[in-house]
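The values are calculated or read from the model by the stated rules, or taken from the named source; none is laboratory data. What you are looking at is a predicted structure, and each value in this text was computed from that prediction instead of being measured. When we count neighbours, we look across all protein chains shown, and the Cβ atoms used for this are built from the backbone with ideal geometry, even at glycine.
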Amino acid sequence: MRAFRIAYDGRPYYGFQRQPDVPTVEDTILDACRGLGICETDDLPEGYAAAGRTDAGVSALAQTVAFDCPDWCTPRALNAELPGTIRAWAAADVADDFHARHLPSRRAYVYDLYAPTEAFDDGQATAAFDALCGEHDFHNLTPDDHGTVRTVDGDLTRDGDFLLVHVEAGGFARELVRRLVSVVQSVGSGAAPLSRVDDVLGPGHLQGPDGVPAAPPTPLVLTAVDYPGVEFEVDTEAADSAVGAFREQALADRIGWRVGARIRDGIDAE
């Protein structure tokens, strides 16, 4: 059994998990496995499991998939069948009973929240985030109706106009990170008082206009999935390929932003 670290730009995909008739990250990885002859059409590789199911538009640095495969199946071999938006970059040999989803001791995400300091109170945002950390029933921050009690930790760091929201836990309920970010944003922007956190964590069910919407998915990245006793070895060639692919994407995004800003500014000037 071998586990692989997978990085991907989630924006072109309808989430990680397989779905009929729309492109997903998992479908693309499984197509690569079939292209390499590791499994047959419509079958999964023996022992296959993934660490998590990121939502549509969410990206990853360290998504983890594991399955039985020949020794020659390295990250660079997988990359030969994968598009540039999905790159394998490290691997580890693991026990036959390894399960990528059930065994992580920690998962971590980072959300790049656009929050210019002239319109945002970092102190209030930090107070809201700190109050949300710890063990709570997050039933108002997920559409799940079970498994809502979680222990969450993390911190906020300022990077120019962005506030980086670092969140980690053993596991996350659906949309928990994005809804947590939504609460932090509303308090930091002054749209809601700090007491909003008490309402969110209270026993009552917040619905309709009182509910907590999920923040947009594209600024969210799965940055770490830790397994006790498992050491991943970086495949240098595969990692270089990943760095090059994502550098090109970052440049394209930067150029696109400048073009959009130029058009915006031109219209404003009229």
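Structure above, values below:
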{"quantity": "The range 152-200, residues that are touching a strand residue (DSSP E or B) at 6+ places or on another chain (Cβ under 6 Å), of a type in the set (Val, Ile, Thr), farther than 12 Å from LEU141 by Cβ and touching a residue at least 24 places away in the same chain (Cβ under 8 Å)", "calculated": "VAL165"}
{"quantity": "The range 199-231 - residue that is among the hydrophobic types (A, V, I, L, M, F, W, C) and either surrounded by fewer than 17 Cβ atoms within 10 Å (Cβ to Cβ) or under 17 Å from the mean Cα position of the chain (by Cα) (or both) and, of those, farthest from ASP9 (Cα to Cα)", "calculated": "LEU206"}
{"quantity": "Matching residues, the range 28-51, being assigned to a loop (DSSP other than H, G, I, E, B), free of Cβ contacts under 8 Å to residues at least 24 places away in the same chain and of a type in the set (A, V, I, L, M)", "calculated": "LEU44"}
{"quantity": "Hits in the range 104-128 - residues which are of a type in the set (A, V, I, L, M, F, W, C) and within 13 Å of the chain's Cα centre (by Cα)", "calculated": "ALA108, VAL110"}
{"quantity": "Index of the failed condition, SER186 passing every other in (1) under 23 Å from ALA51 (Cβ atoms); (2) modelled with pLDDT of 95 or more", "calculated": "(1)"}
{"quantity": "Selection from the range 145-192 of residues that are acidic (Asp, Glu) and closer than 21 Å to ALA119 by Cβ", "calculated": "ASP159, ASP161"}
